[in-house]
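What follows is one structure encoded as structure tokens, with my remarks underneath.
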Amino acid sequence: MELFTPDFGLIFWMFIAFGILFLILWKFAWPVILKSVDSRAELIDKGVEYAQAAKEQLDNARQQAETYLNEARRQQADMLREADKMKTQIIEQARNEAQAEAQKVMDNAKLQIQQQQKEARQQFRNQVSDFALQIAGKIVNRQMQQDKAQDKLVDSLLDEIEKNN
């Protein structure tokens with residue numbers, strides 16, 4: 001049973017050994033342990049500060065990215081509006097040019113038609129006058145000997161034809 005109940009001398013020397021060990025540890029080991037704990041705490045604090053700074057930078061970067069995205073979206077919308085405006089202007093300009101060209105073609109066609117009508121009338125008039133002169137010449141040649149009388153008759157016949165047309 002001595003194993004379970006230590007002797008007074010053993011306890012005394014155990015306390016002395018513990019006290020010496022405690023003093024040695026307190027004098028030499030404890031400052032090193034506290035220094036390493038403090039440096040570890042300082043390292044953790046720096047890590048926390050670095051993490052907070054990184055988080056702030058990340059938040060700032062996100063805000064800047066959002067600002068840039070919003071600006072890009074606004075510029076894109078402006079460009080789309082400008083492109084749509086230009087498209088509308090180009091279509092309107094093309095429509096106006098097409099209308100002007102169509103009007104020009106129509107006016108040109110009208111002028112050509114009028115010119116052709118004039119030419120046709122003139123040809124018709126020349127042909128009619130030639131036929132009339134030939135017919136009148138044959139009929140009147142016997143009756144009229146003077147050229148002035150023939151011209152007067154032709155003019156009066158042409159006047160009658162113009163009145164009928």
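The values are calculated or read from the model by the stated rules, or taken from the named source; none is laboratory data. None of these values were measured; they are calculated from a predicted model. As a convention, Cβ positions derive from the backbone with ideal geometry for all residues, glycine included, and neighbour counts pool all protein chains shown. Accessible surface is based on the protein model in full, side chains and every heavy atom, while ligands, DNA and RNA are left aside. Shrake-Rupley method; radii C 1.70, N 1.55, O 1.52, S 1.80 Å.
Odds and ends about this structure:
- Of all the residues in region 108-130, those that are closer than 14 Å to residue 151 by Cα and not hydroxyl-bearing (Ser, Thr, Tyr) number 1.
- In region 21-35, the residues that are open to solvent by 100 Å² or more (accessible area, probe 1.4 Å) form no Cβ pair under 8 Å with any partner that is assigned to a helix (DSSP H, G or I) and among the hydrophobic types (A, V, I, L, M, F, W, C), whether six or more places apart or across chains.
- Within region 85-119, the residues that satisfy the criterion of being within 30 Å of residue 162 (Cα to Cα) and among the polar types (S, T, N, Q) are 108, 112, 114, 115, 116, 117.
- Given (1) in contact (Cβ under 8 Å) with a residue 12 or more places away in the chain; (2) open to solvent by less than 80 Å² (accessible area, probe 1.4 Å), index of the condition residue 125 fails: (2)
- Residues being within 13 Å of residue 158 (Cα to Cα) and charged (D, E, K, R) - total across region 105-135: 3
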